[in-house]
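One structure below.
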Amino acid sequence: MPNTRNIVKDFRVETAVGARKCHASSLHTIKAGEKHFAYNDPGRINICIKCAPVILKVAESHVAKVRQELQ
Ligand SMILES: [Zn+2]
């Protein structure tokens with residue numbers, strides 16, 4: 001399936017150029033030079049490295065649920 005769309009292609013890992021706020025927790029700051037998870041919703045969302053695994057786990061669970069409902 002060479003032409004299958006990747007609907008999560010805006011999911012990416014970035015290195016912060018300047019300090020950023022973590023959108024998952026207002027208590028977290030992403031420092032300049034730190035790697036973090038980013039996506040568009042539709043504005044740019046930055047998630048710190050501590051919160052990213054949980055956010056991705058919720059996304060995985062949602063995809064799994066949708067996949068199951070299609071069967
Ligand atoms: Zn965070």
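The values are calculated or read from the model by the stated rules, or taken from the named source; none is laboratory data. Worth saying up front: this structure is predicted, and the values here are computed from it rather than measured. Cβ atoms come from the backbone with ideal geometry, glycine included; neighbour counts cover every protein chain shown.
In table form, for the structure just shown:
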read-out	value
Output for the range 34-43, where each listed residue is within 13 Å of the ligand (Cβ to nearest atom) and either over 10 Å from the mean Cα position of the chain (by Cα) or among the aliphatic types (A, V, I, L, M) (or both)	GLU34, LYS35, ALA38
Any pair with Cβ under 8 angstrom, 6 or more apart, that starts in the range 20-33 at a residue that is under 16 Å from ARG44 (Cβ atoms) and within 9 Å of the ligand (Cβ to nearest atom) and ends at one that is at pLDDT below 95 and part of a loop (DSSP other than H, G, I, E, B)	none
Identity of the residue in the range 44-60, within 12 Å of ALA16 (Cβ to Cβ) and surrounded by fewer than 17 Cβ atoms within 10 Å (Cβ to Cβ), that ends up nearest to the ligand (Cβ to nearest atom)	ILE49
Verdict on ALA59 being among the hydrophobic types (A, V, I, L, M, F, W, C), over 12 Å from VAL13 (Cα atoms) and outside any helix (DSSP H, G or I)	no
The range 1-43, subset of a type in the set (A, V, I, L, M, F, W, C) and closer than 21 Å to VAL63 by Cβ, residue surrounded by the most Cβ atoms within 10 Å (Cβ to Cβ)	PHE37
